[in-house]
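Have a look at the structure below before the remarks.
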Amino acid sequence: MAGKVAIVTGAGSRGPGVGNGKAAAILFAREGARVLCADRVLERAEETAGLIRAEGGEAISFGADVTRAADCSAMVATAVDRWGGLDILHNNVGIASRPTLMETSAEDWDRLMAVDLKSVFLATVAAVPVMAERGGGAIICVSSIDALRGHGRPAYAAAKAGILGFVTATAVELGPKGVRVNAIVPGQVWTPMVEGLGPEAREQRRRNAPLGTEGTAWDVAWGAVYLASEEARWVTGQMLVIDAGLTRTTRGSELPGRY
Ligand SMILES: NC(=O)c1ccc[n+]([C@@H]2O[C@H](COP(=O)([O-])OP(=O)(O)OC[C@H]3O[C@@H](n4cnc5c(N)ncnc54)[C@H](O)[C@@H]3O)[C@@H](O)[C@H]2O)c1
């Protein structure tokens, strides 16, 4: 990824520790990319950018709410102004929804769809013209195994399944422009997003999957490195499930707790 320009949305972490966006931004930089770390909370983005710079990498932070088209345009324009183009967009932003159908209000539903799904559409629309100008690029969208197997949280599951449809459709449309679009489908990894579930749930999540080891944001981020890299130049429209084999079992489908 040397010399490539990448944007990672949700590049901060909501608490101490390493979330999926933070891990991806750091690994992209270690692989030689210049990374714009975008987050709704600027300090979170700055923390990640600072970690990258402390390792000798190149990164800047940018405050953006990716549910807003203007913020997405400004985010892309900033990367282009700074580094002359854009090669990689990592659509990582996501929040969890309420555990059950009857707890989900229409307002919750709309917010979930805006943050987890519309954001992917808006950031992609902003990025594609500048990627196409360069002859192509790679877009990675973070879904979830909740899109594939029942685990409660219907709004979250619907948004994450929507991402898979978006990837399928846009891979076909953007292939002729040289833009590859793929999804990463993480399993029950332990990140700041799920910290609130507590130690018992943490242990259960670890035991659920056939491998029986705890997944981290780094496991997910290595998948993003592959999909963003030239080694994946012939891969588009795919979903890469990173879940220690959980989707191959019948375990781990109990209703989730609250984040
Ligand atoms: N942790 C898991 O088990 C798991 C499993 C499957 C999928 N995922 C997905 O991984 C992705 C990232 O999760 P994470 O663990 O890094 O979460 P996280 O909460 O640690 O980090 C996400 C970051 O996104 C930012 N953000 C939220 N809304 C935003 C917005 N509108 N605009 C810009 N930034 C915004 C937050 O400020 C936060 O810093 C999400 O899409 C999530 O659904 C996580």
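FYI, it's all coordinate maths here, none of it is from the lab. Since we're looking at a predicted model, the values are computed, not measured. As a convention, Cβ positions derive from the backbone with ideal geometry for all residues, glycine included, and neighbour counts pool all protein chains shown.
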Any idea which of Val130, Pro192, Thr100 is furthest toward the positive side of the dipole for the chain, if Lys and Arg beta-carbons carry +1 and Asp and Glu beta-carbons -1?
Thr100
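Ranking Thr104, Thr124, Thr168 by Cβ neighbours within 10 Å, fewest first, what do you get?
Values: Thr104 18, Thr124 21, Thr168 14.
Ascending Cβ contact count within 10 Å gives the list Thr168, Thr104, Thr124.
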Listed residue (Thr48, Gly85, Leu240) projecting farthest to the positive dipole end of segment 5-248, Cβ model:
Leu240
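Suppose every K and R has +1 on its Cβ and every D and E has -1 on its Cβ; what is the size of the dipole of the chain about the Cα centre, in Debye to the nearest 20?
380
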Helix-derived [θ] at 222 nm for the chain: sum -39500 (n - 2.57) over DSSP H runs of at least 4, divide by residue count, nearest 500?
-12500 deg cm²/dmol
Using only Cα atoms and rounding to the nearest 10 degrees, what angle (0 to 90) does helix 69-83 make with the longest principal axis of the chain?
50
List the residues whose amide H sits under 5 Å from the amide H of Ile242, counting only those 5 or more places along or on another chain, with H placed 1.01 Å from N in the peptide plane.
Val185, Gly187
Here, Arg30 and Lys177, labelled 7 Å along Cα→Cβ, have an inter-label distance in nm of 3.2
Length gained when the stretch Thr78-Glu58 is fully extended (0.36 nm per residue, less Cα-Cα span):
5.8 nm
Expressed as a whole number of Å, what is the distance separating the alpha-carbon centroids of segment 1-19 and segment 58-119?
13
Can you list the residues, at least 5 places off or on another chain, whose amide H is less than 5 Å from the amide H of Ser61, using H built in the peptide plane?
Cys37
Toy charge model, Lys and Arg Cβ at +1, Asp and Glu Cβ at -1: segment 1-71 dipole around Cα centroid in debye, rounded to 20, equals 120
Quick one: in the chain, what % of C-alpha pairs are over 27 Å apart?
31
Relative to the first principal axis of the alpha-carbon coordinates of the chain, what is the inclination of helix 217-228, with its axis defined by its Cα atoms, in degrees from 0 to 90 and to the nearest 10?
40
GNM flexibility winner over the chain from Ala24, Ala54, Ala11 (Cα, springs under 10 Å):
Ala54
Any aspartates and glutamates whose Cα falls less than 12 Å from that of Lys4, other than same-chain ones fewer than 8 residues away, would be Glu31, Glu58, Asp87, Glu230
Does anyone have the angle between helix 42-54 and the longest principal axis of the chain? Alpha-carbon axes, 0 to 90°, nearest 10?
70
Candidate aspartates and glutamates for bridging to Lys160, where Cα separation is under 12 Å - those fewer than 8 sequence places away on the same chain excluded:
Asp116, Asp146
